[in-house]
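K.L.:
The structure under discussion is supplied below as C-alpha coordinates; questions concerning it will follow.
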Amino acid sequence: VAAQNCRKRKLNAILNLEEDVCNLQTQKESLEKEHSQHSRSISRMKQKLNNLYRDIFSRLRDDEGRPVNPCQYVIHCSSEGGVFIIPKHSVKSEQKQDNEKE
(Lines give C-alpha, C1' and ligand atoms only; values in the text may rest on other atoms or scores of the structure.)
Protein backbone atom coordinates (compact mmCIF):
# COMPACT_ATOMS: atom_id res chain seq x y z
CA VAL A 1 0.00 0.00 0.00
CA ALA A 2 2.87 2.38 0.83
CA ALA A 3 4.52 1.65 -2.53
CA GLN A 4 1.23 2.20 -4.32
CA ASN A 5 0.74 5.55 -2.55
CA CYS A 6 4.31 6.52 -3.44
CA ARG A 7 3.72 5.69 -7.12
CA LYS A 8 0.46 7.66 -7.04
CA ARG A 9 2.19 10.73 -5.54
CA LYS A 10 4.97 10.44 -8.10
CA LEU A 11 2.44 10.20 -10.96
CA ASN A 12 0.57 13.24 -9.61
CA ALA A 13 3.83 15.18 -9.36
CA ILE A 14 4.68 14.27 -12.97
CA LEU A 15 1.22 15.32 -14.16
CA ASN A 16 1.50 18.63 -12.30
CA LEU A 17 4.93 19.26 -13.83
CA GLU A 18 3.62 18.47 -17.31
CA GLU A 19 0.76 20.90 -16.75
CA ASP A 20 3.25 23.55 -15.58
CA VAL A 21 5.35 22.97 -18.70
CA CYS A 22 2.28 23.44 -20.94
CA ASN A 23 1.33 26.63 -19.11
CA LEU A 24 4.87 27.98 -19.40
CA GLN A 25 4.99 27.15 -23.12
CA THR A 26 1.70 28.99 -23.65
CA GLN A 27 3.02 31.94 -21.66
CA LYS A 28 6.26 31.91 -23.66
CA GLU A 29 4.37 31.96 -26.96
CA SER A 30 2.22 34.82 -25.71
CA LEU A 31 5.29 36.80 -24.62
CA GLU A 32 7.02 36.14 -27.95
CA LYS A 33 3.96 37.41 -29.82
CA GLU A 34 3.82 40.49 -27.58
CA HIS A 35 7.55 41.11 -28.10
CA SER A 36 7.10 40.83 -31.85
CA GLN A 37 4.22 43.32 -31.78
CA HIS A 38 6.27 45.75 -29.69
CA SER A 39 9.23 45.41 -32.04
CA ARG A 40 7.03 46.20 -35.03
CA SER A 41 5.53 49.15 -33.18
CA ILE A 42 8.98 50.50 -32.32
CA SER A 43 10.08 50.10 -35.93
CA ARG A 44 7.04 52.05 -37.13
CA MET A 45 7.69 54.80 -34.58
CA LYS A 46 11.35 55.02 -35.62
CA GLN A 47 10.30 55.30 -39.26
CA LYS A 48 7.77 58.03 -38.42
CA LEU A 49 10.41 59.88 -36.40
CA ASN A 50 12.90 59.67 -39.27
CA ASN A 51 10.26 60.95 -41.70
CA LEU A 52 9.37 63.80 -39.35
CA TYR A 53 13.05 64.65 -38.87
CA ARG A 54 13.61 64.77 -42.64
CA ASP A 55 10.46 66.82 -43.14
CA ILE A 56 11.49 69.35 -40.50
CA PHE A 57 14.99 69.74 -41.92
CA SER A 58 13.65 70.05 -45.47
CA ARG A 59 11.69 73.13 -44.34
CA LEU A 60 14.37 74.77 -42.20
CA ARG A 61 16.44 77.67 -43.53
CA ASP A 62 19.32 79.59 -41.98
CA ASP A 63 19.46 83.38 -41.69
CA GLU A 64 20.53 83.65 -45.32
CA GLY A 65 17.74 81.42 -46.65
CA ARG A 66 19.90 78.36 -47.27
CA PRO A 67 18.68 74.90 -46.22
CA VAL A 68 19.96 73.71 -42.85
CA ASN A 69 22.25 70.69 -43.19
CA PRO A 70 20.90 67.81 -41.04
CA CYS A 71 24.43 66.36 -40.91
CA GLN A 72 25.61 69.41 -38.97
CA TYR A 73 22.59 70.06 -36.70
CA VAL A 74 20.29 68.12 -34.42
CA ILE A 75 16.83 68.81 -33.05
CA HIS A 76 16.84 69.19 -29.28
CA CYS A 77 13.68 69.17 -27.15
CA SER A 78 13.96 70.74 -23.70
CA SER A 79 12.11 69.49 -20.65
CA GLU A 80 10.03 72.69 -20.71
CA GLY A 81 8.73 71.85 -24.19
CA GLY A 82 11.03 74.10 -26.23
CA VAL A 83 12.47 72.83 -29.51
CA PHE A 84 15.90 73.97 -30.67
CA ILE A 85 18.20 73.31 -33.59
CA ILE A 86 21.74 73.05 -32.27
CA PRO A 87 25.08 72.17 -33.88
CA LYS A 88 26.10 68.54 -33.48
CA HIS A 89 29.53 69.49 -32.09
CA SER A 90 27.72 71.18 -29.16
CA VAL A 91 25.83 67.98 -28.44
CA LYS A 92 29.03 65.93 -28.51
CA SER A 93 30.81 68.30 -26.11
CA GLU A 94 27.79 68.23 -23.75
CA GLN A 95 27.83 64.42 -23.82
CA LYS A 96 31.55 64.42 -23.00
CA GLN A 97 30.91 66.74 -20.05
CA ASP A 98 28.06 64.52 -18.84
CA ASN A 99 30.28 61.43 -19.11
CA GLU A 100 33.07 63.17 -17.20
CA LYS A 101 30.61 64.13 -14.42
CA GLU A 102 29.47 60.51 -14.10
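K.L.:
Would you mind working out the accessible area per residue for the chain, using a 1.4 Å probe, and quoting it in Å²?
P.N.:
Numbers: 9340 Å² over 102 residues.
Here the per-residue accessible area is 92 Å².
K.L.:
Enter the accessible area of Asp55 (Å², nearest 10), with the probe set to 1.4 Å and all protein chains included.
P.N.:
We get 60 Å² for Asp55.
K.L.:
Let me ask something else. Can you give me the angle between helix 2-59 and the longest principal axis of the chain, using Cα atoms only, in degrees from 0 to 90, rounded to the nearest 10?
P.N.:
Relative to the chain, helix 2-59 is tipped by roughly 10 degrees.
K.L.:
Separate question: In degrees from 0 to 90, rounded to the nearest 10, what is the angle of the helix 88-101 Cα long axis to the longest principal axis of the chain?
P.N.:
Roughly 50 degrees between the two axes.
K.L.:
Suppose only helical runs count, i.e. DSSP H with n ≥ 4. What mean residue ellipticity at 222 nm does that imply for the chain under -39500 (n - 2.57) per run, divided by all residues and rounded to the nearest 500 deg cm²/dmol?
P.N.:
Working: 2 runs with 72 residues, N = 102.
So the calculated ellipticity at 222 nm is -26000 deg cm²/dmol.
K.L.:
Still on this structure: What does the accessible area of Phe84 come to, in Å² to the nearest 10, when a probe of 1.4 Å is used?
P.N.:
About 110 Å², ignoring ligands and nucleic acids.
K.L.:
So how many Lys-Lys pairs in the chain land under 28 Å Cα to Cα, not counting same-chain pairs under 8 apart?
P.N.:
Counting lysine pairs in the chain gives 12.
K.L.:
Debye calculation, C-alpha points only, no solvent: report log10 I(q)/I(0) for the chain at q = 0.15, 0.24 Å⁻¹, in the same order as the q values.
P.N.:
-0.87, -1.22
K.L.:
What does the charge dipole of the chain about its Cα centre add up to, to the nearest 20 debye, if the Cβ of each Lys and Arg holds +1 and the Cβ of each Asp and Glu holds -1? Intermediate values should be presented prior to the final figure.
P.N.:
Values: 18 positive and 15 negative charges, 104 e Å.
Dipole of the chain, to the nearest 20 debye: 500 debye.
The values are calculated or read from the model by the stated rules, or taken from the named source; none is laboratory data. Quick caveat: nothing in here was measured; it's all calculated off a predicted structure. No Cβ is skipped: glycine too gets one built from the backbone with ideal geometry, and neighbour counts run over all protein chains shown. The protein model used for the area step is the full one, side chains on, heavy atoms only, and it has no ligands, DNA or RNA in it. Shrake-Rupley method; radii C 1.70, N 1.55, O 1.52, S 1.80 Å.
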